[in-house]
Amino acid sequence: MSQIKTKVPSLTLNIAVYAALLFLLAVTVWASRTDLGYWNFVAAAGIASLKASLIVLFFMRVYYAKPLIWLASGAGFVWLAILFNLVVSDYLTRSRVQSAPVHETAVYEVPDR
Amino acid sequence: MDTSFRLLPEQASTFAPDVDLLFAFLMLVSGLLSLGIAGVIVWFAIKYRRNSAADRRATPSHMLLLELSWIVGPFILSMILFVWGAKLFFAQRHPVEGALEISCVGRQWMWKFQHPNGRAEINALHVPLNQPVKINMISEDVIHSLYVPAFRVKQDVLPGRYSTLWFQASKVGRYHLFCAEYCGAKHSGMIGEVHVLEPTRYQEWLSDVVTGTPQMGGGGRLFDQLRCNTCHMTGGEVSRGPSLLNVAGRRVPLQNGQQVVADDDYLRESILRPAAKIVAGYHALMPSFEGQVSEEQILQLISEIKAMSQLDAKKPEGELKKE
Amino acid sequence: MFKPASQLVEVRADGAARVAHQFVDADQQHSAAELGMWLFLATEIMFFGAFFLAYLVYREWYPVAFAMGSRQMDVMLGTVNTGVLLTSSLTMALAVRASEMSQRRWMIGLLVATLLLGMVFLGIKGLEYYHKYAEHLVPFAGWTFAPAGEQRTGMMEFFNLYFLMTGLHALHMVAGLVMLALLVIVACRSPLRDSSSIVVHNVGLYWHFVDLVWVYLFPFFYLVSASGSVAM
Amino acid sequence: MNGAVITTRKRNYLNASYTVRSWLLTHDHKRIGLLYLIGVTFFFVIGGLAAAVVRLELMTPRGDLTESETYNKLFTMHGITMTFFFLIPAIPAVLGNFLVPLMLGARDLAFPRLNLLSWYLYMLGGLMTMWAILAGGVDTGWTFYTPYSSTYSNTYVMATAVGVFVAGFSSILTGLNFIVTTHQMRCPGLTWFRLPLFIWSMYAASLIMVLATPVLAAALLLVGLERGLGIGIFDPAMGGDPLLFQHLFWFYAHPAVYIMVLPAFGVISELVACFSRRRPFGYAFIGYSSFAIAILGFLVWGHHMFVSGQSVYAGLIFSLLSFLVAIPSGIKVFNWTATLYKASISWETPMLYAFGFMGLFTMGGLTGLFLACLAIDVHVHDTYFVVAHFHYIMVGGTVMAFLGGIHFWWPKMTGRMYPESWARLSAILIFVGFNLTFFPQFILGYLGMPRRYHIYPEEFQVLNVMSSAGASILGVGYFFPLTYLVWSMFYGAVAPENPFGHTGLEWQTASPPPTDNFEQIPVVTQEAYSFGPDDALRGPSEEVISIVQAS
């Protein structure tokens, strides 16, 4: 029969994290309305990851946890990175390597409108 | 076909000796290794059997150098094998220029081939000796795999996407052609024969319209039937659709500013879903031909488009661009 | 920036822990339960990861169709829903905190709040599903799929993935709601035990994980910009 | 060691209660291990019968025993039951369940109820699959390739996929349980580098179970949804890519090979150490190599896809990585061999299996190099060469280790000795039968005979007949242990605490162990495999000799 002493994050911390999350939500909606080209996707994914980290670190308390929990919480993401990287390396290089050597650009006459 | 009992397959393509040499090297290495290990195990098992009088003093529980040696040794060996295998593979995956192009459609459960002049055949493939042959393949249903053991080549045939395979036959004869990817009930019936003929015999066979099903100029006829040339003028004039001369294999500028290489997959997509990638300067006017043309017909059209490019490439540059 | 470490408050739970026979002490039991939950979440990450992979591949293949599909989404409802879910994460985090500080009433209240917010989320989600159904944007189950023309194929893939991924997410939400409801029922009946705070903590982890998935789903489906392509 | 004359049995996990209910609702990891043993044996027999019919059919090049459809269902049934319901749970769920807490000096696994649940999930999944097979069968092959499985097959794909999906959860929960138990429940003094190598390899295998299985679940779910609802993620007609399924499937299914074989490595490490009375040579390297395999094993799945239409570039990467995974496997074989040097080797049945394993696994592993090698794989992919290769790994490796392990821990599990001479005879039969069955298939494969062929060209017949003949010997070899082990449960000689003189914690408690494993939680003060100088020179204990002779 033992008693557990725990350390719990304070109320202010929780609220601060919550506020940050809402702020990032606003930022991501705003960013999607702005034309950043390729960077739109990067911004969306980046902000989402930032939000995710806040949730994992503070709401899920990994920030205060033992190294073992850091490992366990990271393992899924690391293995996911393996899956993504190797599969995407296939998709991105399929046409590049497999198609016949590329000749010059086709020449088109553009019709009058 | 040679149906006698043998331990190694026939070598009937230029790839075969290379692959067999690599195989022999690997056999040698792994044979030596496994016999060596087995020998050592048996020797130790007998020499150090319990109650034997063998010397058991000074037995190390680990030796870093020894451990490293059997990490580094196999590493070097495997890198040699990797590079060797990769070089051969790279050659297998890159057809030489000017190969004879034969199209192939796989379906449950037959192989259909079509030669450049339109002659088609089922479950049989006639190819000329000593000439590179490239096969453009697509499946109408599930995944199949074209496999000719005597040539040491194999490539899966996918639905919705072209894949290619090439070889150069080096020995006259008849060889097995298998489907190697499980494709349903009659998978083991999806087989055929490859006939390697002397080039002259091959030409004779191509023009032998009595025994085969002649489809001379199948692509061209289809081109007319589908009225492709109402928009795609073949003369190079300005028209509603982009000219198809000199398109195959080249870069095509798109409306969205990107470029795409007009490979078989792009041409197929443009026939089935024309609006997916619009050529710069044109409008999405073309109707979709999805469901109206079969995979074989698409292959015929593509080979027709390719033929236009080749025809034209021979003309002098000046004639190409009419002012 | 705040300093999180200084934001910790030490608490001591009252009541004795019940230790299962295979464990030496409550500490061991507590660590085992937490590690087990995290490993379970790792499997969930891999599970959802497979679908995110499919998403990435097809977004790369059909950048325009994905942008067009995204334009059919109700960004307003999506944003509100994200806010609802983030708020539920806050209430959940506070519920866990309350359970550790042995504030039973607070804990029950916060759990109920989380439960209600989760239900609001599912309600809004259901409304959106109904809209999509009414607009003929469901490409499977034999329903008519309205979009025609050049991007039809890509949009089919977009909506396939949309319903698949948000649907699986919603199923996980339902599972989470059931757990929350059970917790509330148990907590109302009997006083808190020391060992129950790890249960609340683990349910909290699960709830935050579900939130985490949505944090990615929201921009990936609602906010695809037409010019944004994943392509290199 | 004073177990020879025990006549009245102490209270143990077997005789603690006898009711059916006490077995079906047990939380005891040892009992759950035995429940799994019943399950895997049942599925092994089913899968074996399917294989027997397949081999009979292949005696002739014509399809004269079964229809094509039936043949396809048979090899599918063989593949699915053997991989998902025998090989994957065999060592982890039977021996792992029984041994992990014992070896850690714990009273049970961390989550006993979860453990029982995982057995039920396993049986539920297995029985659903059996139902699908009885109802009409499934013909996709164990690989479920799309679009054949999702659109074209007219068989019970859904029910089978659901069965495998459910069984997958069992695998996940088992892995999760082992990882948590290994981390949290080691007895005092049992540091990581004092762990038996069996634990290291079980831990590595558990890592794969936890991280890879969910991806299989996702892939199967997608196949099911595509079949049932038409959500076409892999359907080219809906803009999907069938190769994506292969990526997801092999991301699981290649590491799954290591779920099967890593625990086998663990068993062999124990057997080699015990029967040569030596601490395994390079203990740390064997342990690390388990982790190296678990991690590298996740990076090589694309070598199943060299000819699938995957990009050439990806093929090169996967080939390179596949070669790398051979290195840690090599480390193990070399280290076991080195352990035998200056050892004191006795040739009891488990050790015979270990010898067999080392030989067969070496051949299986080396032929893996052929498949990693791009140009050769193009030729032998999807031929009998591949079939032979993975049977060398799975049957020559996993099944040999499983049988060796079952014999080795049989006295601990049941409290009875197995009959030594029968056991030796069948070990030899299995070794001979196995080689005769599968070695000809390497030649067949290089000659070009594709796998999953019902009807084949005549020139392949001689080798196929050899293979079928070998299979009949193999079948007899498997039949013997099935019977004499059951016999020994009732009539075998009573086993002492530690009949083989091993050092592990599991041997320090009674045979069979009490319900809580140990009278009191042990404290470890030594490294694993600390055989004393006397052990090395001493023969098997007098008691054991007398027991063996008596049986």
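The values are calculated or read from the model by the stated rules, or taken from the named source; none is laboratory data. Computed from a prediction, not measured in an experiment: that's the story for all the values here. Because the Cβ atoms are built from the backbone with ideal geometry, glycine has one as well, and the counts that use them run over all protein chains shown. Quick note on the areas: whole protein, heavy atoms, side chains included, nothing else; ligands and nucleic acids left out. Shrake-Rupley method; radii C 1.70, N 1.55, O 1.52, S 1.80 Å.
D:I208 - would you say it is out of contact with any strand residue (DSSP E or B) (no Cβ under 7 Å at 6 or more places or on another chain), without any contact (Cβ under 8 Å) to a residue 60 or more places away in the chain, assigned to a helix (DSSP H, G or I) and under 18 Å from C:G36 (Cβ atoms)? Spelling it out, it is not the case that D:I208 is out of contact with any strand residue (DSSP E or B) (no Cβ under 7 Å at 6 or more places or on another chain), without any contact (Cβ under 8 Å) to a residue 60 or more places away in the chain, assigned to a helix (DSSP H, G or I) and under 18 Å from C:G36 (Cβ atoms). Counting only residues that are more than 14 Å from C:V215 (Cβ to Cβ) and either of a type in the set (G, A, S) or more than 7 Å from chain A (Cβ to nearest Cβ) (or both), segment C:85-106 holds 12 of them. Among the residues examined, D:A237 qualifies as open to solvent by 10 Å² or more (accessible area, probe 1.4 Å) and out of contact with any helix residue (DSSP H, G or I) (no Cβ under 6 Å at 6 or more places or on another chain). So which residues in segment C:146-159 are small (G, A, S) and open to solvent by 30 Å² or more (accessible area, probe 1.4 Å)? Within segment C:146-159, C:A146, C:A148, C:G149 meet the criteria. Scanning segment D:137-181 for residues that are within 14 Å of chain B (Cβ to nearest Cβ), of a type in the set (G, A, S) and assigned to a helix (DSSP H, G or I) turns up D:S149, D:S150.
Inside segment D:509-527, residues that are within 26 Å of D:I345 (Cβ to Cβ) and surrounded by 17 or more Cβ atoms within 10 Å (Cβ to Cβ) make up a count of 1. Filtering segment C:18-33 to residues that are open to solvent by 30 Å² or more (accessible area, probe 1.4 Å) and at pLDDT below 85 leaves C:R18, C:V19, C:A20, C:H21, C:V24, C:D25, C:D27. Restricting the search to helices (runs of 4 or more DSSP H) fully inside segment D:1-91 and requiring at least 2 residues that are within 30 Å of D:L463 (Cα to Cα) gives D:29-57, D:68-80.
Under the condition of being within 18 Å of B:H187 (Cβ to Cβ) and hydrophobic (A, V, I, L, M, F, W, C), the residues counted in segment D:45-78 number 8. Which one is most open to solvent (accessible area, probe 1.4 Å), of the residues in segment B:47-65 that are under 21 Å from D:V333 (Cα atoms) and more than 7 Å from chain D (Cβ to nearest Cβ)? Among them, the one singled out is B:L65. Being open to solvent by 10 Å² or more (accessible area, probe 1.4 Å) and farther than 24 Å from D:L225 by Cβ holds for only one residue in D:Y148, D:Y152, D:Y156, D:Y120, and it is D:Y120. Quick check on segment D:270-278. Is at least one of its residues in a loop (DSSP other than H, G, I, E, B) and either small (G, A, S) or out of contact with any Cys (no Cβ under 9 Å at 6 or more places or on another chain) (or both)? Yes, that holds for at least one residue.
Taking D:T383, is it within 14 Å of chain B (Cβ to nearest Cβ), of a type in the set (V, I, T) and in contact (Cβ under 8 Å) with a residue 60 or more places away in the chain? Here the answer is yes, as D:T383 does meet what is asked. Of the residues making up segment B:74-93, those that are touching a residue at least 24 places away in the same chain (Cβ under 8 Å) and either among the basic types (K, R) or more than 8 Å from chain D (Cβ to nearest Cβ) (or both) are B:L77, B:A91. Taking the conditions (1) among the charged types (D, E, K, R); (2) out of contact with any His (no Cβ under 9 Å at 6 or more places or on another chain); (3) more than 16 Å from C:W214 (Cα to Cα) in turn, A:K51 satisfies each one other than (3). Residues of segment D:200-231 that are buried (at least 24 other Cβ atoms within 10 Å of the Cβ) and of a type outside the set (A, V, I, L, M, F, W, C): D:S201, D:Y203, D:S206, D:T213, D:P214, D:E226. For segment B:138-158, the set of residues classified as open to solvent by less than 10 Å² (accessible area, probe 1.4 Å) and either closer than 14 Å to B:F113 by Cα or in a strand (DSSP E or B) (or both) consists of B:I138, B:S139, B:H144, B:S145, B:L146, B:Y147, B:V148, B:V153, B:K154, B:Q155, B:D156, B:V157, listed by residue number. Just give me the residues in segment D:281-301 being open to solvent by 20 Å² or more (accessible area, probe 1.4 Å), at the interface with chain B (Cβ under 8 Å from one of its Cβ atoms) and not aliphatic (A, V, I, L, M), in sequence order. D:F285, the sole residue that qualifies.
When the test is whether a residue is open to solvent by 10 Å² or more (accessible area, probe 1.4 Å) and in a helix (DSSP H, G or I), D:F460 does not pass it.
Applying the set (1) open to solvent by 40 Å² or more (accessible area, probe 1.4 Å); (2) at pLDDT below 90; (3) farther than 27 Å from D:F518 by Cβ to D:K10 leaves exactly one unmet item: (3). Looking at segment D:430-448, can you tell me whether even one residue there is without any contact (Cβ under 8 Å) to a residue 12 or more places away in the chain, surrounded by 23 or more Cβ atoms within 10 Å (Cβ to Cβ) and more than 28 Å from D:E497 (Cα to Cα)? Within segment D:430-448, none of the residues are without any contact (Cβ under 8 Å) to a residue 12 or more places away in the chain, surrounded by 23 or more Cβ atoms within 10 Å (Cβ to Cβ) and more than 28 Å from D:E497 (Cα to Cα). Residues of segment D:251-280 that are open to solvent by 10 Å² or more (accessible area, probe 1.4 Å) and within 14 Å of chain B (Cβ to nearest Cβ): D:R277, D:R278, D:R279.
Considering only residues in segment B:163-175 that are open to solvent by 10 Å² or more (accessible area, probe 1.4 Å) and over 15 Å from B:W111 (Cα atoms), the one that is nearest to the chain's Cα centre (by Cα) turns out to be B:W166.
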